[in-house]
Amino acid sequence: MQAVGMIAEFNPFHSGHAFALAKARNLTHADVVVVVMSGNYVQRGEPAIFDKWVRAEAALTHGADIVLELPVTGAVQAADQFAQAGVSALAALHVPALAFGTEHPELDYLDLARQLASTDITDPGFADYTQTYATQLNAAYAKVAGITQTDPNFMLGLSYAKAVLALQVPMQLYPFGRQGVGHDDQKIKANLASASAVRQHLREGEPVTCIVPADLISVYAEQPQYGWSQFFPWLKYRLQTADLAELRQVATMAEGLEYRFTQQIDGAHDMTEFLHRVKSKRYTYARLRRLALAITLNMTTAAVTKARHLPQLHVLGFTPTGRQYLRTVKHHLAYPLLTRVSADMLAPDGVLAMTHRADRLITAIGGVEQNYGRPPLM
C-alpha cells in the first residue's frame, strides 16, 4: 500500500484541512493517509481548543486513514523540533512521503535545506539580545541561500526538509499551495479561514458554518473548550508557589526567565496581560507561551529527556484502510505501536508517563479521561 504522511494540529479541524488531506492523497496517488497530530497541546504554547479525540475523529471522518498522537514533548516545540518529532514518527511507520501546504509550493525544500546544512545556529552571531531568535535565523537563511520569505508554513516546510536530512530517512516531500488565508488572520472570508479565526469564532459563539464541515458543527457545540482562560490560574499558582531552583528545572527555561516570570505574575489578571509584562525583543510570544505551558504542566528537562528516550506510536484512530496498513507494517516497526493504553504505560516509568501527566489537567477541566483504557477510534 502506498502511504503519504501529514503533520498537523487540526486546531480545530476545518474545511481547509479536509482540502489538504484530499490534496495529499491525490498528489501522491496514495492508498492511505497517515496523520501525525499534536495531542492536547499545540506548538503555539497552549491547549488545543478541543481534545485530541475530538480532533482525531474529525480527521478520520474527512480524509485521514490513521491518526497518530504527536506527544507533548514534540508538539510544544519550536518549528525544527516539532518537525523532527513528526518526521520521526512517520518514518517509524514506514511512510515514504510527506505532503504539506505552503505559501511557496514551487520551491525545492530539500535543496534549500542542504544549502542551509552548514549554517551553525549556535554561532555567536545569534547572541543579539535586541532581536528574537527567529529574526536572526531568518537573516542567516537570507545570507546563506537568498531566502527572504518568513511565511510560517514556508518556514515549517523548510523545517520538515531539515528533519528529513538530519534523520537520514528516505522520505519525499510534496509541497502544495495552501487553500485559505493568512496563518493568524482573524477573519472568516467566504469559505476561507485560518484555524486562529475559527477558534476565535467558536469561543465567541459566532457561526462557523461556511468553513467547518456541516457534520462537525453540532459536535463542536457539545464539546468542552480549552485555552489559557482555564489554564492561567494554574500557571499563576505554580509561579507563586514554586521556588526558583524548581523553576530552573523546567524544560526550555533560560537566561533568568524564572526571575522575570515570578516578578510579573502577581499583577497579571490573565494570560494576555502576563505576556505583555514579560515580553522583550529577545523572545517571541510563542516562545514565552511554550515556556509558560511547560511551567504549568511541570515539564522538567529530566522528564522530557526521559520521554524522548521512550519513543512510541500512540494510535488515536484508523479507518478500515488504515487498519490494513498497520497490519502490513506492525512487525517491522522500531517503536512500540500502542493501540490501547494500559495502567503500566501511564506509570511514572511508562512510555506515556509525560503525556499522561500533561493530560491530567485536560481531564480535570473537561471531565473526560484522555488515556487510560481508551481504544483507537474506528
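Taking Leu235 as the residue in question, decide whether it is farther than 23 Å from Ala79 by Cα, of a type in the set (A, V, I, L, M, F, W, C) and under 21 Å from the mean Cα position of the chain (by Cα).
yes
Look at Ala358 and say whether it is loosely packed, with under 15 Cβ neighbours inside 10 Å, of a type in the set (A, V, I, L, M) and not in a loop (DSSP other than H, G, I, E, B).
Values: loosely packed, with under 15 Cβ neighbours inside 10 Å: no; of a type in the set (A, V, I, L, M): yes; not in a loop (DSSP other than H, G, I, E, B): yes.
For Ala358, the condition - loosely packed, with under 15 Cβ neighbours inside 10 Å, of a type in the set (A, V, I, L, M) and not in a loop (DSSP other than H, G, I, E, B) - is not met.
Name the pairs whose Cβ atoms lie under 6 Å apart, with the first residue in the stretch 192-215 and more than 16 Å from Phe50 (Cα to Cα), the second modelled with pLDDT of 90 or more and not in a helix (DSSP H, G or I), and 6 or more positions between them or separate chains?
Ala193/Ile211; Ile211/His14
Looking at the stretch 298-319, which of its residues are assigned to a loop (DSSP other than H, G, I, E, B) and surrounded by fewer than 24 Cβ atoms within 10 Å (Cβ to Cβ)?
Answer for the stretch 298-319, where residues must be assigned to a loop (DSSP other than H, G, I, E, B) and surrounded by fewer than 24 Cβ atoms within 10 Å (Cβ to Cβ): Asn298, His309, Leu310, Pro311, Gln312, Thr319.
Quick check: anything in the stretch 29-51 surrounded by fewer than 24 Cβ atoms within 10 Å (Cβ to Cβ), outside any strand (DSSP E or B), modelled with pLDDT under 95 and not basic (Lys, Arg)?
No, the stretch 29-51 contains no residue that is surrounded by fewer than 24 Cβ atoms within 10 Å (Cβ to Cβ), outside any strand (DSSP E or B), modelled with pLDDT under 95 and not basic (Lys, Arg).
For the stretch 87-108, state whether one or more residues are touching a Ser or Thr at 6+ places or on another chain (Cβ under 6 Å), surrounded by 24 or more Cβ atoms within 10 Å (Cβ to Cβ) and under 25 Å from Thr339 (Cα atoms).
For the stretch 87-108, residues touching a Ser or Thr at 6+ places or on another chain (Cβ under 6 Å), surrounded by 24 or more Cβ atoms within 10 Å (Cβ to Cβ) and under 25 Å from Thr339 (Cα atoms): absent.
I'm told Ile295 meets every condition in (1) crowded, with 21+ Cβ neighbours inside 10 Å; (2) at pLDDT below 95; (3) not in a loop (DSSP other than H, G, I, E, B) except one. Can you identify the failing condition by its number?
Every condition holds for Ile295 apart from (2).
Output the qualifying pairs, or none if there are none: Cβ atoms under 6 angstrom, residues six or more apart or on different chains, first residue in the stretch 326-339 and assigned to a loop (DSSP other than H, G, I, E, B), second residue surrounded by 15 or more Cβ atoms within 10 Å (Cβ to Cβ).
Listed pairs, sorted by first residue: Ala334/Ala92; Tyr335/Ala92; Tyr335/Pro311; Tyr335/Gln312; Tyr335/Leu313; Pro336/Gln312; Thr339/Val315; Thr339/Pro376.
Only one residue in Gly350, Gly317, Gly322 is in contact with a helix residue (DSSP H, G or I) (Cβ under 6 Å, 6 or more places away or on another chain) and under 30 Å from His62 (Cα atoms). Which one?
So the residue among Gly350, Gly317, Gly322 that is in contact with a helix residue (DSSP H, G or I) (Cβ under 6 Å, 6 or more places away or on another chain) and under 30 Å from His62 (Cα atoms) is Gly317.
How about the stretch 9-35: which of its residues are within 15 Å of the chain's Cα centre (by Cα) and over 23 Å from Thr328 (Cβ atoms)?
Correct list: Glu9, Phe10, Asn11, Pro12, Phe13, His17.
Check Thr262, Thr241, Thr252 and return the single one that is of a type in the set (Ser, Thr, Tyr) and on the phi > 0 side of the Ramachandran plot.
Checking each option against the conditions leaves just Thr252.
Looking at Ala268, Ala245, which one is out of contact with any Cys (no Cβ under 9 Å at 6 or more places or on another chain) and within 23 Å of Thr301 (Cβ to Cβ)?
Checking each option against the conditions leaves just Ala245.
The values are calculated or read from the model by the stated rules, or taken from the named source; none is laboratory data. Here the structure is a predicted model, which means the values were calculated and not measured. As a convention, Cβ positions derive from the backbone with ideal geometry for all residues, glycine included, and neighbour counts pool all protein chains shown.
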